[in-house]
Amino acid sequence: MKNANPVLALAVLAFWTALAGCGQGHSGETALPAPKGAGEFFPIGVGGRTVRLQLALQLPEMQRGLMERRDLGPDDGMIFVYERPQRLSFWMRNTPTPLDIGFFRPDGTLAEVYPLHPFDETRVASRGEELQFAVELNQGWFREHGVRPGARLDLAAVRAALRARGSDPRRYGL
């Protein structure tokens, strides 16, 4: 290599470096997008209306919920997704925004709706024991939009949001 052209060697090096950064591995697979964070909102249908929901999946996200939030838009809220059906219970510790909570069955059917009052630490428990999703929205949202028990949660949108968060929907029976 004593007589190699330095310009040609530099050009070859630049070519291979550029190729390595194209987002494809040796198998030809493209890199997957990074999972979205807990602060992201996802469009999800509730009773035929599209709302923007953040997903609470991990225990710390569920424990934090909407605490200290004063910035919810009129159709913004949070969905708590559980791995298996159960009785659900919520409170409003450190939560200044009045909310409604809707409890949904595993098939996406709305079973119960309750008001949640700011800073109230009294537990609001579901009557049913086979509930898998809880949706918190601004207080009055369900009533104002005519969303009553029997209404449906868009489970296809929930599956898509779970995938976008980097979670396998099968973990939640979806």
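Since every read-out is calculated from the coordinates, none of them should be taken as a lab result. Everything numeric in this text was worked out from a predicted model, so none of it was measured. Here the Cβ positions follow ideal geometry from the backbone for every residue, glycine too, while neighbour counts run over all protein chains shown.
Tabulated data for the structure shown
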quantity	calculated
³J(HN,Hα) computed for each position of region 143-148 - Karplus, 6.51 cos²θ - 1.76 cosθ + 1.60, integer Hz, glycine/proline x	5, 4, 9, x, 8, 10
Placed amide H near GLY166: partners under 5 Å, 5+ positions off or other chain	LYS36
LEU57 long-range amide H proximity, modeled H, under 5 Å	MET62
Hz values of 3J(HN,Hα) by residue in region 55-61 - Karplus curve (6.51, -1.76, 1.60), Gly and Pro given as x	9, 9, 10, 8, 3, x, 5
Sorted by Cβ density within 10 Å, fewest first, the residues PHE80, PHE119	PHE119, PHE80
ASP120, ASP100, ASP107 arranged by Cβ crowding within 10 Å, fewest neighbours leading	ASP107, ASP120, ASP100
Amide H contacts of THR97 (H built 1.01 Å from N, under 5 Å, at least 5 apart or other chain)	ARG69
Shape category assigned to region 111-165 from the gyration tensor of Cα positions, a/c cut at 1.5	prolate
Whole-Hz ³J(HN,Hα) from phi, Karplus 6.51 cos²θ - 1.76 cosθ + 1.60, for region 70-83, glycine and proline x	10, 10, 6, x, x, 10, 9, x, 9, 10, 9, 10, 9, 5
Cα gyration tensor shape of region 38-162, rounded if a/c is under 1.5, else prolate or oblate by comparing a/b with b/c	rounded
Ascending count of other beta-carbon atoms within 10 Å, so fewest first, for HIS145, HIS117	HIS117, HIS145
Cβ-Cβ FRET estimate between GLU130 and GLU68, R0 fixed at 30 Å, reported to 0.05	0.45
Estimated FRET transfer efficiency when R0 is 30 angstrom, pair ARG159-SER89 (beta carbons, to 0.05)	0.75
